[in-house]
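A.B. asks: This is the structure I want to talk about, given as structure tokens.
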Amino acid sequence: MTRHIAQKIATAFVTIFVIITISFFLVHIMPGDPVIHLVGQEEYYYLLDNDPETLNKLIARYGLDDSLPVQYGKYLKNIVTMDFGPSYTNQKPVVSNVLKACKWTLFLSIPTWIIGGLLGALLGVIAGWKPGKLFDKIMTPILLIVNTIPSNCFCLILLIFLAYRMKLFPINGMVSPGVEGMARVQSILQHMFLPLIIMILYRTSGDFMLMKSAVSQVRSEEYIMTAESKGLPSRKVLFRHVMKNAMVPYATSFCMQFGGILSGSMIIEVVFGWKGMGTILYNAVSNRDFPTAQFCFLLSAALVVFANLISDIVNAAIDPRIREEGIQDA
Amino acid sequence: MHKKIRLNAAATAGLLIILFFLIIAVFAPVIAPYDPKEMIASYLPPSKEHILGTNDVGQDIFSEMVYGTRVSLYIGIFAAFIVTGVGTVLALVSGYFGGLADKIITAITNIAMAVPSLPLTVLLIAYLNPGKWSLIIAISITAWTGTARILRARVMQLKELPFIKIEKTMGVHPAVILFKHILPNIKDIILTRGAMAISGAMMTEAGLSFLGLGEFGEKSWGSVLHYAFFRNSIMKKQYWWYVPPIVCICVCVLGFMLIGYYGKIKKGGE
Amino acid sequence: MKKKTVSLLLSLAMCLTMLPGQSVFAAETSTETETEAVSESTGNHVENLIVGTIADQNVFNSLTQTDAFGRMNYNGFTQGDFVYRDENNNLQPYFWKSFEISEDGKQIDFTIPLDAVWHDGEPVTMDDVVFTFEYMRDVRKNGSLQNLTEVKVTGDDSASLIFSEPDAYYWINSSCNNNSCVYAKHIWEGIDDPTTLDGPEAAIGCGPYKLVSYDSDAQVSYYEAVPENDFLGEITVDKVTVQSYSDETTLMMAMMNGEIDTMYNYANPIDADVIDTVQGTPDLDLGESDFTGCYQMEYGKDRAPGNDQAFREAASYAIDYNQLATTINGEYGKVPGKGVIPPSCKGYDESIGSLEFDADKAAEMLDEAGYKDVDGDGYRELPDGSQMDLTVIPQYSSKSMDMRNRIAEVIMNSLDKVGIKNHVDNDSLSNSEVWEDTVTKGNYDISITLTTSGMASYSTAFRYFMGELRDGESSWLWGTIRDDSFRDTYYAMTQAVNDEQYIENNQKLQKYVADTMAAEALCWETAFFPYRTDKYTGWENYPSWGTVHATTWYRLTAK
């Protein structure tokens, strides 16, 4: 088992390295002069006319004049030292910009991950335990339909009814100005309510489907097995057996979902003006803010790789087959 | 082995929905009362002449929706075709042959799964020449991973079946085994995954067009919704403008999802 | 289980609020002492004016124009701008107590106040003024100051700018909003790249307001008056809050709810679509005025058919200006005149006629000029019988591409209807460099561009039509008018030493464009900069600018 985990960790590192390389070339092969976005269009033409020297200085400062291999070397060094330089758009350090945005995304995604995960599991167990019964018949179509609404449409529907028409929630933004202390907490909660509800609903419906199919499948298998060995099992015994086995795939995917907590809410963030990772990455891409886009990419990707690794480890720890035999990946 | 496909009510409903939209897409020129690009008069409310009114540049919204069916389905189906095709080929190669090919394909899959897909899509669209096909490529680029993983696991299972093992030892050409035995056995999964892929691609397209990343002048449902939102139809209460695209996208996606989901349940039960 | 998650959520929210909350508090304590001195103001002062805007609030640097802070400084806000433009677009002294431009346009004499202070308490001296000009010329390389030979101090409070060329009028007009204010020597000396200065000192100026604190999570910043810097008399607005919104809709909803008193968004009036939803709100003035900027299109005159005046004249009849007006400015848009610049611009010549939409006439004129459908495919061919397919390129913009795409659609549809085949250049739509390259090389038949109100106030739309520039300039080479007389007239206008010269040359340009149909405006717009009227009086709505400008701080009073 240790060897299995060591192998997984090594794979994770290689994956991250490849992603680092891809993200570098992705951004650098693309056409376009980033200096324009660096200084702004008006200023760029102005400098081009009046002071090309300053432009060259800027190009040198951002290391845009080096050859690709040199830039790649610098880039690797910067990743190790976590120094991505200043953002093209506001000249503040990219890392602090992005981490600040991360914080706001986490306010949405952590509750989504936990609440959605628990709620989805709970409802999924109930529906999967007795498939075809009333609860299943009601919940499955509802949550299936939730899953088919594109997130931008869902955002608009809730915005139209709850924010524009009934004025229950703010349309946009993260916090009202000029409030302190508890009032600020309240204001933030109010602003995050709509995006959070939408994200939780999506996550719940996804997790529900997952848990339901896991439980119903394991249940029919277990029922037969236990019945054969011990005669008809008591509900309690059966339930414990089923849960034990259904939890394996669920726990794995629950861990994997953790990888998406930074990158999974782009459209919702953009629609609600939530200045998190999704918005910052969207803006970075449209403004060609290379360093910011790169760091966002890397951070989200690293998190996905990390979460996959954790899910592998968890899987190995709870799945007896891997625990004992240490066989290759499932 | 071969069984008649028996459909349950939900899958039938899904099929009917898709059939409905397919008919609209095919007969768009007959159904649409106007050329969707013709500019008549701006901001007309619904009337006998324009049952869904007209938009900001005076185009008939109903005709836009009808032609939009074509664009949205086109993008959804072709993106799903690529996604499923790539996923299937990779899964067959990696699942059946194993070894180095499997290692490489698994590595590529892991990397593709780690890349944040929507941001990558947005980045690609910003650089590729805008158009339907760049949208399709950008949507497909990371979407194949799920299909590949599921199919690979299934192929690995099938590979261990006695009769395939026997054929293998008898020296039957791998291509024959793959096409004669393996492919027919994973056909149902491919179809349901394909249906899911269409709905996924249509949802992504709706999101991208909504962000204003669609093709110039192209009338997809997502772009109709984009202009409705951008032109403030919500504040102006022009529900005839923003409701139809939302409904069409949701219903059509639901149609494919029903087939994908309930078709799969059926399969699992047998 | 649920209880646990709820409490977790709550504690999370608590943590998050601690962080931004603290930073604001820290910033506020430092200024607490001075707040009291201001608060003993007279009766009808405005206690706190809340201005809404759309720009971000992340950068607070007085030498950059980015973000809400930089844009607000166009209004003599935290900075001591030398001059400001009044309601009629005329320059008036602001930080300068007085100024005079010599007849030959080579010298500006000015006086400065002796009691102005920097926001850190240091006095503003003539040293700072001299430093500012040298810094702008030598370090910032301000092009319009390149011929400044000397800043001659002539007295305690008076000095002269001496130019080797007649650039005085040009400098003061072309840069009067943009960073043309006095900078503190003790802060900026030795700093080559102003964007690197990131601390609170970067926001220091000698304007009537100083930055007290900001909260970039809530996108808001707070300012209070500095009574010493009373350039236009007593400051009647004690505090100002600038609040940013993510778009016009939320901005206007906030104003309808009374959360903000007025709005400011440089050169970007509220869209006519949004205005429709605001109309009829009590105590809300729409702040209507004639917009000086405009969308325009230019025919690519480097190749056929744009190089044929007969074609251009015919095509101009083909375009549905009413549809364009509705698309761009709703029911408020007007069909433009042939001279491009709107009536609200300085030098507008009303004797020039209007554009006209008449598809039949266009078709007739095209037939006459030899553009006929020879091969029967429904589209006209060039007079020599070869295929014609116009390339249309809307100007790239990362923020407002939607409007440009819609405008392009209308124009393309109009041309299509009279049998002129056309297509949009897809490559330039999503990439600013590709667009720039295409438009600079003149690889287009129709180019759609925008003149902002700032550009319109002096340089005008004609700048964009030039196909050749004078030596040393290479930017914005978007046009295809390659005619020396046009170019010389343009430079004669921008370097005019007085208004008469400016107007005379401006009218020549209008006539040139009208006669040759080289380019045309697409719509003359009405601009809306709404504001609330229930709490304060003394609003002055500057055309194309709105109610927030240099005089607001001295004239607005509470009811």
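A.B. asks: Hey, can you tell me all the residues within segment C:354-384 that are among the small types (Gly, Ala, Ser) and either open to solvent by 40 Å² or more (accessible area, probe 1.4 Å) or in contact with a strand residue (DSSP E or B) (Cβ under 6 Å, 6 or more places away or on another chain) (or both)?
C.D. replies: C:SER354, C:GLY376, C:GLY378
A.B. asks: I would also like to ask the following. Which residues, taken from segment C:100-138, are open to solvent by less than 50 Å² (accessible area, probe 1.4 Å) and in a strand (DSSP E or B)?
C.D. replies: Within segment C:100-138, C:ILE101, C:ILE108, C:PHE110, C:THR111, C:VAL117 qualify.
A.B. asks: Mind listing whichever residues of segment A:253-289 are part of a helix (DSSP H, G or I), crowded, with 24+ Cβ neighbours inside 10 Å and among the aromatic types (Phe, Trp, Tyr)?
C.D. replies: A:PHE272
A.B. asks: Based on this model, can you work out whether A:PHE135 counts as of a type in the set (A, V, I, L, M, F, W, C), free of Cβ contacts under 8 Å to residues at least 40 places away in the same chain, assigned to a loop (DSSP other than H, G, I, E, B) and more than 8 Å from chain C (Cβ to nearest Cβ)?
C.D. replies: Considered against the rule, which asks whether it is of a type in the set (A, V, I, L, M, F, W, C), free of Cβ contacts under 8 Å to residues at least 40 places away in the same chain, assigned to a loop (DSSP other than H, G, I, E, B) and more than 8 Å from chain C (Cβ to nearest Cβ), A:PHE135 comes out as no.
A.B. asks: I would also like to ask the following. Please specify each residue of segment C:302-338 satisfying the condition of being without any contact (Cβ under 8 Å) to a residue 60 or more places away in the chain and within 26 Å of the chain's Cα centre (by Cα).
C.D. replies: Residues satisfying the conditions are C:ASN322, C:THR326, C:GLY330, C:GLU331.
A.B. asks: Take A:PHE169 and decide whether it is open to solvent by less than 50 Å² (accessible area, probe 1.4 Å), within 16 Å of C:ASN257 (Cβ to Cβ) and either without any contact (Cβ under 8 Å) to a residue 40 or more places away in the chain or more than 14 Å from chain C (Cβ to nearest Cβ) (or both).
C.D. replies: The answer is yes for A:PHE169.
A.B. asks: Mind checking which pairs have a first residue in segment C:426-439 that is closer than 13 Å to B:GLY131 by Cβ and at the interface with another protein chain (Cβ under 8 Å from one of its Cβ atoms) and a second that is of a type outside the set (Lys, Arg) and in a helix (DSSP H, G or I), Cβ under 6 Å, 6 or more apart or different chains?
C.D. replies: Going by the 6 Å Cβ cut-off, the qualifying pairs are C:ASP427/C:VAL434; C:SER430/B:ALA126.
A.B. asks: A follow-up question, please. Looking only at helices (runs of 4 or more DSSP H) that fall completely inside segment B:1-120, which ones have 2 or more residues that are surrounded by 18 or more Cβ atoms within 10 Å (Cβ to Cβ)?
C.D. replies: Qualifying helices (runs of 4 or more DSSP H): B:9-26, B:61-92, B:99-114.
A.B. asks: Across segment C:179-219, which residue is surrounded by the fewest Cβ atoms within 10 Å (Cβ to Cβ) among those that are within 12 Å of chain A (Cβ to nearest Cβ) and hydroxyl-bearing (Ser, Thr, Tyr)?
C.D. replies: Across segment C:179-219, the extreme among qualifying residues is C:THR196.
A.B. asks: Of these, C:TYR491, C:TYR458, C:TYR502, C:TYR542, which one is among the aromatic types (Phe, Trp, Tyr), under 30 Å from C:HIS45 (Cβ atoms) and touching a residue at least 12 places away in the same chain (Cβ under 8 Å)?
C.D. replies: After applying the criteria, what remains is C:TYR542.
A.B. asks: For B:LEU158, all conditions in the list (1) within 23 Å of the chain's Cα centre (by Cα); (2) more than 14 Å from every other protein chain (Cβ to nearest Cβ) hold save one; what is the number of the exception?
C.D. replies: (1)
A.B. asks: Could you tell me whether B:GLY255 is touching a residue at least 24 places away in the same chain (Cβ under 8 Å), in a helix (DSSP H, G or I), within 14 Å of chain C (Cβ to nearest Cβ) and not aliphatic (A, V, I, L, M)? Talk me through it step by step, then tell me what you get.
C.D. replies: Numbers: touching a residue at least 24 places away in the same chain (Cβ under 8 Å): yes; in a helix (DSSP H, G or I): yes; within 14 Å of chain C (Cβ to nearest Cβ): no; not aliphatic (A, V, I, L, M): yes.
It is false that B:GLY255 is touching a residue at least 24 places away in the same chain (Cβ under 8 Å), in a helix (DSSP H, G or I), within 14 Å of chain C (Cβ to nearest Cβ) and not aliphatic (A, V, I, L, M).
A.B. asks: Could you list, in sequence order, all residues of segment C:247-267 that are hydroxyl-bearing (Ser, Thr, Tyr) and over 20 Å from A:VAL175 (Cβ atoms)?
C.D. replies: Residues satisfying the conditions are C:THR262, C:TYR264, C:TYR266.
A.B. asks: Kindly list the number of the only condition in (1) touching a residue at least 40 places away in the same chain (Cβ under 8 Å); (2) over 26 Å from A:ALA307 (Cα atoms); (3) open to solvent by less than 20 Å² (accessible area, probe 1.4 Å) that fails for B:ILE164.
C.D. replies: (1)
A.B. asks: Quick one: in segment C:459-474, of everything that is of a type in the set (S, T, N, Q) and within 12 Å of chain A (Cβ to nearest Cβ), which residue is most open to solvent (accessible area, probe 1.4 Å)?
C.D. replies: Step one: of segment C:459-474, the residues of a type in the set (S, T, N, Q) are C:459-460, C:474.
Still in the running and within 12 Å of chain A (Cβ to nearest Cβ): C:459, C:474.
Details: C:SER459: 29, C:SER474: 62 Å².
This residue is C:SER474.
Condition check ((1) away from every other protein chain (no Cβ under 12 Å); (2) touching a His at 6+ places or on another chain (Cβ under 9 Å); (3) open to solvent by less than 40 Å² (accessible area, probe 1.4 Å); (4) farther than 26 Å from B:GLY207 by Cβ) across all residues:
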site	(1), (2), (3), (4)
A:LYS57	no, no, no, yes
A:GLN71	yes, yes, yes, yes
A:LYS77	yes, no, no, yes
A:GLY120	yes, no, yes, no
A:THR140	no, no, yes, no
A:CYS155	no, no, yes, no
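A.B. asks: Continuing with this model, one more query. Select from segment C:44-85 the residues that are assigned to a loop (DSSP other than H, G, I, E, B) and open to solvent by 30 Å² or more (accessible area, probe 1.4 Å) and write down the one among them that is farthest from the other protein chains (Cβ to nearest Cβ).
C.D. replies: Across segment C:44-85, the extreme among qualifying residues is C:ASN44.
The values are calculated or read from the model by the stated rules, or taken from the named source; none is laboratory data. If you're wondering where the values come from, they're calculated on a predicted model, not measured in any experiment. Ideal geometry is used to build each Cβ from the backbone, glycine not excepted, and the neighbour counts take in all protein chains shown. Side chains included, ligands, DNA and RNA excluded: accessible areas come from the protein's heavy atoms. Shrake-Rupley method; radii C 1.70, N 1.55, O 1.52, S 1.80 Å.
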